[in-house]
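The next block holds one structure in the form of structure tokens; read it before the comments.
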Amino acid sequence: MADPKPLRVLSLLSASTEIVYRLGCGHLLVGRSHGCDDPPLATTLPVATAPQIDPNAPSAQIDEAVRAQSVAGGPVYHIHADLVKRLRPDVVITQEQCRICAVTPEDVNEIYLPDISPTPPLHLAYISPTSRLHLAYTSPTSRLCLPYISPTLPR
């Protein structure tokens, strides 16, 4: 019997990229988000996302832009759909707690449903913290976003 085809994993969350590498599965990654830079080997992977705002702007300007984007209801990040299509991931990992921290499952579905429709079906995996404490340990970005996250999330 032939060896099964290895999974092709696209990580759109820094913490999940780190987890995949720490589990010894870095060889399965085919792409990453713009923020995935640890371990350093991750930076050799194609970048599948970009912020919709200027990340080099002064912090007050970033805050204003993110708040405006949030009110408008659009995604905070752009997903390079053509690249994702070429990468042909079997699994996309992201998070569902904070649309400011990283790409959300809804953002991924928005590019897959109308356009990409992979065969076999794409598996969407997401990290879903169960408390603010859990979120604070997920990634530095998540800690910065704690003020924006739902107050209903338990401490």
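Structure values in brief
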| read-out | value |
| --- | --- |
| Qualifying residue in the stretch 32-39 (condition: in a helix (DSSP H, G or I), polar (S, T, N, Q) and within 18 Å of residue 105 (Cβ to Cβ)) | no |
| Residues within the stretch 1-58 that are closer than 18 Å to residue 88 by Cβ and either of a type in the set (Val, Ile, Thr) or buried (at least 22 other Cβ atoms within 10 Å of the Cβ) (or both), tallied | 13 |
| Residues located in the stretch 15-63, provided they are among the small types (Gly, Ala, Ser) and within 18 Å of residue 75 (Cα to Cα) | 33, 35, 48, 50 |
| Matching option when the condition is surrounded by 18 or more Cβ atoms within 10 Å (Cβ to Cβ), in contact with a strand residue (DSSP E or B) (Cβ under 8 Å, 6 or more places away or on another chain), assigned to a helix (DSSP H, G or I) and modelled with pLDDT of 75 or more, among 66, 108, 92, 103 | 108 |
| Any chance residue 138 is surrounded by 18 or more Cβ atoms within 10 Å (Cβ to Cβ), among the polar types (S, T, N, Q) and either modelled with pLDDT of 85 or more or out of contact with any Cys (no Cβ under 8 Å at 6 or more places or on another chain) (or both) | yes |
| Candidate set: the stretch 69-89, residues that are assigned to a loop (DSSP other than H, G, I, E, B) and modelled with pLDDT of 85 or more; chosen: the one farthest from residue 14 (Cα to Cα) | 88 |
| Qualifying residues in the stretch 1-32 (those that are touching a helix residue (DSSP H, G or I) at 6+ places or on another chain (Cβ under 9 Å) and among the β-branched types (Val, Ile, Thr)) - the one farthest from residue 82 (Cα to Cα) | 20 |
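The values are calculated or read from the model by the stated rules, or taken from the named source; none is laboratory data. These numbers were taken from a predicted model, which means no experiment stands behind them. Note that each Cβ is placed from the backbone with ideal geometry, even for glycine, and that neighbours are counted across all protein chains shown.
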